[in-house]
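Colleague: What follows is a structure written as structure tokens; I'll ask about it next.
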Amino acid sequence: MVGGMRVDGAVAIVTGASSGIGLETARLLSARGAAVVLAARRADRPAALAGELPRSLATARRPPRAHDA
């Protein structure tokens, strides 16, 4: 992404989008024109981020727990 490369029309899937590097990567890709799928274990943060990023979609899945079987 050096030099302001555009990614218009691309679809990017960003894992770990609820914080840290994943969060900032999602913001950068969106700013450069990509449609971003925000994937994380926590549902609240990616959903809030999807509200601020155009052309984005949030999805979350909690890890299975021992009593789920």
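Colleague: Using alpha carbons only, how many degrees (0 to 90, rounded to 10) separate the axis of helix 20-31 from the longest principal axis of the chain?
Modeller: Here the helix axis deviates by roughly 40 degrees.
Colleague: Would you check the accessible area of Val37, probe 1.4 Å, heavy atoms only, in square angstrom rounded to 10?
Modeller: About 40 Å², rounded to the nearest 10.
Colleague: Quick one: accessible area per residue over the chain, 1.4 Å probe, rounded to a whole number of Å²?
Modeller: Each residue of the chain exposes 66 Å² on average to a 1.4 Å probe.
Colleague: Here's a follow-up. Can you send over the carbon and sulfur percentage of the accessible area for the chain, probe radius 1.4 Å, protein chains only?
Modeller: Roughly 58 percent of what the probe reaches on the chain is carbon or sulfur.
Colleague: Among (1) 13.3, 49; (2) 11.4, 38; (3) 13.1, 37, only one was calculated for this model; which label is it, if the read-out is Rg and Dmax of the Cα atoms in Å?
Modeller: (1)
Colleague: Right, here's the next one. Amide H neighbours of Ala58 under 5 Å, counting only residues 5+ apart in sequence or on other chains, H built in-plane at 1.01 Å?
Modeller: Amide H neighbours of Ala58: Leu38.
The values are calculated or read from the model by the stated rules, or taken from the named source; none is laboratory data. What you see is a predicted model, and the numbers here were worked out from it, not measured in a lab. Just the protein is used for accessible areas: all its heavy atoms, side chains included, with ligands, DNA and RNA removed. Shrake-Rupley method; radii C 1.70, N 1.55, O 1.52, S 1.80 Å.
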